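To start, the structure itself, in structure tokens.
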Amino acid sequence: MQTKLTLRLDDSVIEQAKLYAKQHGLSLSQMVSDYFSLLKPTKETLVSPPITRSLTGLLENSGLDENSYREYQAEKHR
């Protein structure tokens, strides 16, 4: 399904985009769609809540790993 999107941009940006699109045989809509398709969230771009950020890396040098956690859970639920 396609939906209409209205963008407000400076006239000079629109003219540059139109020129680029014409030179590359694209429509502005296709250019915007292609660009948005590239914007996939990554670990670096996701914003964590402050409490999560404060805990990140806390156990880095603890010697604990995922297996330690699994062992703890197995023992806890016996």
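For first residues located in the stretch 3-22 and exposed (fewer than 10 other Cβ atoms within 10 Å of the Cβ), partners that are not in a loop (DSSP other than H, G, I, E, B) and lie 6+ apart or on another chain with Cβ distances below 7 Å do not occur. Any residue at all in the stretch 41-63 that is out of contact with any helix residue (DSSP H, G or I) (no Cβ under 8 Å at 6 or more places or on another chain), among the β-branched types (Val, Ile, Thr) and closer than 30 Å to Gln16 by Cβ? Yes, some residue in the stretch 41-63 is out of contact with any helix residue (DSSP H, G or I) (no Cβ under 8 Å at 6 or more places or on another chain), among the β-branched types (Val, Ile, Thr) and closer than 30 Å to Gln16 by Cβ.
Condition check ((1) part of a helix (DSSP H, G or I); (2) of a type outside the set (Val, Ile, Thr); (3) in contact with an Asp or Glu (Cβ under 7 Å, 6 or more places away or on another chain)) across all residues:
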{"position": "Glu15", "(1), (2), (3)": "yes, yes, no"}
{"position": "Ala21", "(1), (2), (3)": "yes, yes, no"}
{"position": "Leu26", "(1), (2), (3)": "no, yes, no"}
{"position": "Thr52", "(1), (2), (3)": "yes, no, no"}
{"position": "Ser62", "(1), (2), (3)": "no, yes, no"}
{"position": "Ala74", "(1), (2), (3)": "yes, yes, no"}
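Entry remark, the stretch 32-55: residues being β-branched (Val, Ile, Thr), farther than 30 Å from Lys4 by Cβ and modelled with pLDDT of 85 or more number 1 in total.
The values are calculated or read from the model by the stated rules, or taken from the named source; none is laboratory data. None of the values given here were measured: they were computed from a predicted structure. When we count neighbours, we look across all protein chains shown, and the Cβ atoms used for this are built from the backbone with ideal geometry, even at glycine.
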